[in-house]
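Asks: Mind looking over this structure? Questions follow.
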Amino acid sequence: MMNKDAKIFIAGHEGMIGAALVRCLKTAGFNNLITKSFSQLELTNQSEVRKFFLQEEPEYVFLAPVKEGGILANTTYPAELIYVNLQIQTNIIHFASEVKVKKLLFLGSSCIYPKFCLQPMKEEALLTGLLEPTNEAYAIAKIAGVKMCQAYNKQYNTNFISVVPTNVYGPNDNFDLKTSHVIPGLIRKFHQSKIERKKEVIIWGSGTPRREFLFVDDFADACLFLMNKYDQSEIINVGYGKDVSIKELALTIKNVTEFDGELIFDGNKPDGMPYKLLDISKMNKLGWSAKTDLKKGLKKTYTRFKEIRRESKK
Ligand SMILES: NC(=O)c1ccc[n+]([C@@H]2O[C@H](COP(=O)([O-])OP(=O)(O)OC[C@H]3O[C@@H](n4cnc5c(N)ncnc54)[C@H](OP(=O)(O)O)[C@@H]3O)[C@@H](O)[C@H]2O)c1
């Protein structure tokens, strides 16, 4: 159990999940948080990371920074994805061990599971089949992170845990239309279409694939829960526990953004896997489940999206 004055390093606190972790820890009364912006600490730089850990000696570490960018990044710069992500996580995991942090939480991703994994995806499915080729570089880096945590636990008796989140969304998401994930991309598209009084919004694919989405503040709450209660090397899934079709998702976003035109599904565009859902029975057995339903989470995300746009216009 972390003390309220424990020294906690949140790496990647300017990202969506890192920012939610800071909010969650502050709300829970933790008062000794360490954060460093990208410009203050370049996490790919081994000597900078070493110096930081030796100087600060954090007791707990949340490892959230990542180089990402959706399908586009995976297909256009896989070399950068694998190089940068391996460097960031390797530096942090290694020097966290050197200064004997009490516990570290590494963030995996559901893309570490095989492409044709049985659904819902159980933790045991890791490394039982081929990966989805379009995100292989990113997934291999994540799998290396999981395996590195396990190896350090074995050899150095560290307490490094790995969490596998489903798709996470919320305030501070990336709303760039070229690199965003499905929820922020659709929010922006519907919002823009409403402002421009368009009659329709075109959505890629048939709308039938099913996906799972978890609100970021719930995910941060799960990370804090695991930091206090989970001490095993085996990965653990964190999800909402239910999926929705892309069509249901799009209709909910249409409702939340108050767009009153039509939805057109472009069936000529690829659909991807028909299903993707995590098995969260391990997490549920520990006593945790998500609180925020999709509509409520989307409303909070849209409210923040509009605030950011207003602020950027000032
Ligand atoms: N979001 C999801 O749905 C999801 C799902 C599964 C797993 N995850 C995992 O959860 C973690 C956090 O994801 P997120 O969605 O919060 O990502 P995010 O919003 O992209 O945040 C990542 C942060 O890391 C920073 N960063 C990147 N390279 C860095 C470097 N070399 N040195 C210092 N900082 C650096 C980024 O800074 P810049 O913005 O300036 O580049 C950004 O602030 C990641 O490990 C990700 O793989 C996320």
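Asks: What Kirkwood hydrodynamic radius do you get for the chain when you take the inverse of the mean 1/r over all pairs of distinct Cα atoms, in Å?
Replies: Result for the chain stands at 20.3 Å.
Asks: Taking the Cα centre of region 25-128 as the origin, how large is its charge dipole in debye, to the nearest 20, when only Lys and Arg (+1) and Asp and Glu (-1) carry charge on their Cβ atoms?
Replies: My answer is approximately 140 debye.
Asks: Can you give me the accessible area per residue for the chain, using a 1.4 Å probe, in Å²?
Replies: Value returned for the chain: 50 Å² of accessible area per residue.
Asks: Could I ask something else about it? If you take the beta carbon distance between Phe116 and Lys314 as r and set R0 to 41 Å, what does 1/(1 + (r/R0)^6) give as a FRET efficiency, to the nearest 0.05?
Replies: Efficiency computed from Cβ-Cβ geometry: 0.25.
Asks: Regarding region 118-181, what are the three Cα extents along the principal axes, ordered largest first, in Å?
Replies: 44, 28, 23
Asks: Ok, one more. As I understand it, the value is the acute angle between the Cα axis of helix 136-156 and the longest principal axis of the Cα atoms of the chain; what does it come to in degrees, rounded to 10?
Replies: Its long axis makes an angle of about 30 degrees.
Asks: Expressed in nm to one decimal, what extension gain is obtained for the pair Glu248 and Leu127 from 0.36 nm per residue of sequence separation less their Cα-Cα distance?
Replies: So the chain would gain 40.4 nm between Glu248 and Leu127.
Asks: Let me ask something else about it. Based on DSSP H runs of at least 4 residues, each adding -39500 (n - 2.57), what is the mean residue ellipticity at 222 nm of the chain after dividing by all its residues, to the nearest 500 deg cm²/dmol?
Replies: Value at 222 nm, helices only: -14000 deg cm²/dmol.
Asks: Let me ask another. What would the Debye equation give as log₁₀ I(q)/I(0) for region 1-150 at q = 0.09, 0.14, 0.18 Å⁻¹, counting only Cα atoms as equal point scatterers?
Replies: Debye intensities relative to I(0), on a log10 scale: -0.30, -0.72, -1.09.
Asks: Something else now. If you take the Cα Rg of region 216-278 and divide it by 2.2 N^0.38 Å, with N the number of residues, what do you get?
Replies: This ratio for region 216-278 stands at 1.62.
Asks: Calculate the radius of gyration of the Cα atoms of region 14-89 to one decimal place, then report Dmax, the largest Cα-Cα distance, as a whole number, both in Å.
Replies: Reported Rg and Dmax, both Å: 14.3, 42.
Asks: So how far, in whole Å, is the C-alpha centre of region 59-79 from the one of region 284-314?
Replies: 22
Asks: So how tilted is helix 16-27 from the main axis of the chain? Cα-based, degrees 0 to 90, rounded to 10.
Replies: 60
Asks: While we're here: Tell me, what is a quarter of the convex hull surface for the C-alpha atoms of region 244-314, in nm² with one decimal?
Replies: Mean projected area of the Cα convex hull: 7.5 nm².
Asks: Which longest run of the chain has no exposed loop site in it, a site being GluC sites (Glu not before Pro) in a DSSP loop with at most 12 other beta carbons within 10 Å, and the site itself not part of the run?
Replies: By the stated rule (loop sites, at most 12 other Cβ atoms within 10 Å), 1-195.
Asks: Still on this structure: Within the accessible area of the chain, what % is carbon and sulfur when the probe is 1.4 Å and the other protein chains stay in place?
Replies: With neighbouring chains kept in place, the figure for the chain is 52 percent.
Asks: Which angle between 0 and 90 degrees, to the nearest 10, do you get for helix 182-195 versus the longest principal axis of the chain when only C-alpha atoms count?
Replies: Long axis of 182-195 versus the principal axis of the chain: about 40 degrees.
The values are calculated or read from the model by the stated rules, or taken from the named source; none is laboratory data. Everything numeric in this text was worked out from a predicted model, so none of it was measured. Using ideal geometry, Cβ is built from the backbone for each residue, glycine included, and neighbour counts are taken over all protein chains shown. For accessibility, only protein heavy atoms count, side chains too; no ligands or nucleic acids. Shrake-Rupley method; radii C 1.70, N 1.55, O 1.52, S 1.80 Å.
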